[in-house]
Amino acid sequence: MKEHLGDRDLLNRWTGEYERASIYHGLDESNFRDFEAQWKPVLERRAAEFPNWTEAADGNVQDAHWDWVGNAKAESRYDTFAVECDGMTQGLMLVDLATRFARIQSQRGLDLCYVELISSAPWNRPKFSDRPKYRGTGCALLATAVSLSRELEFKGRVGLHSLPESESWYGPLGFTNCGFDDVKKMQYFEMTEEQANQFLADREA
Amino acid sequence: MKLHFSNDWMRKAIARYPDVETEAGRPLESPALADEIARGKVAIMPTRNVVQLRIALGALVHQLRQRDGLTLEELAVRADVSEDELRQVETNSSYTARPRIIYQLSSFFGVSLNNLSQLSGETHVVGRQLYNDAMKFAAHSDALTPLTEAQQTLLNEFVAILNR
């Protein structure tokens, strides 16, 4: 069941104006259709232009291979989220609540929200498009993940593996870089309760 | 659920953070991961408890391998199992390990076949105590760092429980 969580603004870079976006818990057929029909062909076309994976990383198209639809439909352990604006899915997130535990020493073994996948639409990405459209989808989704963590009494604890191109993003947000995960072959980041409070609270005023 | 951030926060966050879009997750360029997804599409979703047991199994195999100083490839050769399947057992909690690899790993590490089978989620009945012990072990496992003394102790205790 798709639940409307609330409306928040995204910045339309084309106009410089804020536009109202809706955040949803749960995906429906319209999100799957947007992904299949609008996201995937663009990502796949772009990925095919790169002769190898390293260059593809620089072109910001790594998740062309992500099977969002397959993941979201098949693996019911995921909580799914979408950001919609201008009648289109602008961002998607899968959160795993069942199988991950915190790794930072101060909170090791405690429950957390593990962000399995997070992505904004290809036309919103600065490195991907010459004229990226909306800014803020990733931020809205991460703040939603922290909100979910609080709602579940996980106190804002969130963990994720970052794609290489986004590693510089998580430090400023307050995540701790826990190092390279040899199993996932990616950098692992985690947010503590204190970091989550800082992330959401200090900009409320 | 409700959102714990206001629209004012949202606007300030857009202005404050670097103009890099957030991406996280797993790139699916490797055949093993693509295969995982393919399996995910057709698999019946295991229950939360089965998934958790498989996490404990993955952590156990990973730590026993670390303890013995073996790479995935080396363990695969020495235990006579497929490296890809071994990787699935260590990292993919949706993966149903085949009886053969459980048998081979049980022989190689000297861990009870019956209890290892229970951790793989293949059996329908799992002892409550084993489940609790497995959860305790999984919760204190960390794939990011070499085995610490404390983890080594937990590993030894868990193996002793499995062989009790």
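Read phi for every residue in region A:143-159 and hand back ³J(HN,Hα) as whole Hz from Karplus 6.51 cos²θ - 1.76 cosθ + 1.60, θ = phi - 60°, with x for Gly and Pro.
5, 5, 5, 5, 4, 4, 4, 5, 4, 8, 6, 8, 6, x, 5, 9, x
Using modelled amide H (1.01 Å from N, peptide plane; none on Pro or chain starts), what sits under 5 Å from the amide H of A:Thr89, excluding residues fewer than 5 places away?
Counting only residues 5 or more places away or on other chains, the set is empty.
Starting from the amide H of A:Glu116, placed 1.01 Å from N in the peptide plane, find each other amide H under 5 Å away whose residue is 5 or more places distant or on another chain.
A:Leu94, A:Val95, A:Asp96
Starting from the amide H of A:Leu5, placed 1.01 Å from N in the peptide plane, find each other amide H under 5 Å away whose residue is 5 or more places distant or on another chain.
Residues meeting the amide H criterion: A:Ile23, A:Tyr24, A:His25.
No value in this document is a laboratory result; all are computed from the given coordinates. This structure is a prediction, so every number in the text was calculated from the model and none was measured.
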